[in-house]
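> Attaching a single structure in structure tokens format; questions to follow.
The values are calculated or read from the model by the stated rules, or taken from the named source; none is laboratory data. Here the structure is a predicted model, which means the values were calculated and not measured. All Cβ positions, glycine included, derive from the backbone under ideal geometry; neighbour counts span all protein chains shown. What goes into the accessible areas is simple: the full protein's heavy atoms, side chains included, and nothing from ligands, DNA or RNA. Shrake-Rupley method; radii C 1.70, N 1.55, O 1.52, S 1.80 Å.
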Amino acid sequence: KKARLTPMTFSLLHSTDFADRYEKNIYPLLRAGYIVLADRYIYTALARDTVRGCDQSWVRNMYSYARKPDLVFYFRIPVEIAVTRIISGRPKLKHYEAGMDLGLSKDEYESYKIFQGRIVDEYESMVSDENFIVIDGTLDIEKQQNTVRRNVLRTLKLKNQIRGNIARSSQLETNTDE
């Protein structure tokens with residue numbers, strides 16, 4: 001198959017799709033005070049589009065309107081395990097999903113492994129700067145879930161304390177104005 005989309009066009013399509021979902025589904029809920037759980041969010045685009053050759057600052061700029069998450073969980077697993085999990089659930093990989101447009105290999109499964117390895121490298125480069133909470137994705141699901149729950153509860157308690165302090169502070173200001 002011949003590549004039909006340039007990396008920049010591919011990135012713009014995904015960015016437009018995300019913007020639509022953000023505007024219709026994510027942002028209204030955040031404004032209303034809801035907790036929003038999102039699989040991947042903007043980090044997939046940052047990793048995938050950078051690996052495809054797009055300038056990382058250009059990609060970041062496209063998603064700069066999106067609110068930074070309070071928590072980001074990164075489930076770290078070896079590429080071989082990730083690839084096996086994906087391939088076992090799909091009869092055939094898609095052209096772009098396999099990174100075939102990048103010319104990494106003529107074999108789609110080999111291309112997919114190489115492509116995913118590079119994406120993992122990009123995620124790894126974001127761990128510190130983006131404050132990812134790294135979870136060993138090879139652990140039992142119960143252990144992974146406990147780590148997620150512990151971090152979510154800690155964040156919710158902190159947010160509630162901040163809200164409580166703001167509420168008390170504005171209550172004090174109101175009382176001193178009288």
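> Could you list, in sequence order, the residues of segment 33-54 that are open to solvent by 60 Å² or more (accessible area, probe 1.4 Å) and at negative phi?
Just the residues of segment 33-54 that are open to solvent by 60 Å² or more (accessible area, probe 1.4 Å), to begin with: 34-35, 37, 39-40, 53.
Result: Tyr34, Ile35, Leu37, Asp39.
> Under the condition of being of a type in the set (Gly, Ala, Ser) and part of a helix (DSSP H, G or I), which residue from segment 102-118 is nearest to Thr9 (Cα to Cα)? Before you say what the answer is, go through the steps one by one.
We begin by selecting, within segment 102-118, every residue of a type in the set (Gly, Ala, Ser); these are 103, 105, 111, 117.
With part of a helix (DSSP H, G or I) added as a condition, the list becomes 111, 117.
Numbers: Ser111: 21, Gly117: 22 Å.
For segment 102-118, the residue satisfying everything is Ser111.
> On to the next question. Any idea which of (1) open to solvent by less than 50 Å² (accessible area, probe 1.4 Å); (2) closer than 26 Å to Ala47 by Cβ; (3) modelled with pLDDT under 85 is the one Gly164 doesn't satisfy?
(2)
> Pairs only if they're at least six apart or on different chains, beta carbon under 6 angstrom, first in segment 60-78 and farther than 23 Å from Tyr112 by Cα, second among the aromatic types (Phe, Trp, Tyr) and part of a loop (DSSP other than H, G, I, E, B); list them, first residue then second.
Short answer, once both residue conditions are applied: Val72/Phe132.
> Given Thr50, Thr84, which one is assigned to a helix (DSSP H, G or I), over 18 Å from Glu124 (Cβ atoms), over 12 Å from the mean Cα position of the chain (by Cα) and among the polar types (S, T, N, Q)? So that I can check it myself, show each step before the final result.
Values: Thr50 fails: over 18 Å from Glu124 (Cβ atoms).
The match here is Thr84.
> I want to confirm something. Restricting to segment 68-109 and keeping residues that are surrounded by 14 or more Cβ atoms within 10 Å (Cβ to Cβ) and charged (D, E, K, R), which single residue is nearest to Tyr22 (Cα to Cα)?
Looking at the filtered set, the residue picked out is Asp70.
> Would you point out which residue out of Leu30, Leu12 is open to solvent by 40 Å² or more (accessible area, probe 1.4 Å), free of Cβ contacts under 8 Å to residues at least 60 places away in the same chain and part of a helix (DSSP H, G or I)? Give the derivation first.
On the way: Leu30 fails: open to solvent by 40 Å² or more (accessible area, probe 1.4 Å).
Testing whether each residue is open to solvent by 40 Å² or more (accessible area, probe 1.4 Å), free of Cβ contacts under 8 Å to residues at least 60 places away in the same chain and part of a helix (DSSP H, G or I) leaves just Leu12.
> Sticking with this structure for a sec: Checking Arg48 against (1) closer than 17 Å to Arg118 by Cβ; (2) free of Cβ contacts under 8 Å to residues at least 24 places away in the same chain; (3) charged (D, E, K, R), which single condition isn't satisfied?
(2)
> Could I ask something else about it? Of the residues Tyr63, Tyr41, which single one is modelled with pLDDT of 95 or more and within 20 Å of Val127 (Cα to Cα)? Show your work before the answer.
On the way: Tyr41 fails: modelled with pLDDT of 95 or more.
Tyr63 is the lone residue from the list that is modelled with pLDDT of 95 or more and within 20 Å of Val127 (Cα to Cα).
> Same structure, new question: Could you tell me which numbered condition Ile81 fails, if it satisfies all but one of (1) closer than 19 Å to Ser128 by Cβ; (2) touching a Gly at 6+ places or on another chain (Cβ under 8 Å)?
(1)
> Out of Ala3, Ala32, Ala47, Ala19, I need the residue that is farther than 17 Å from Phe73 by Cβ, modelled with pLDDT of 95 or more and of a type outside the set (Ser, Thr, Tyr). Which one?
Numbers: Ala3 fails: modelled with pLDDT of 95 or more; Ala32 fails: modelled with pLDDT of 95 or more; Ala47 fails: farther than 17 Å from Phe73 by Cβ.
Within the list Ala3, Ala32, Ala47, Ala19, the selection yields Ala19.
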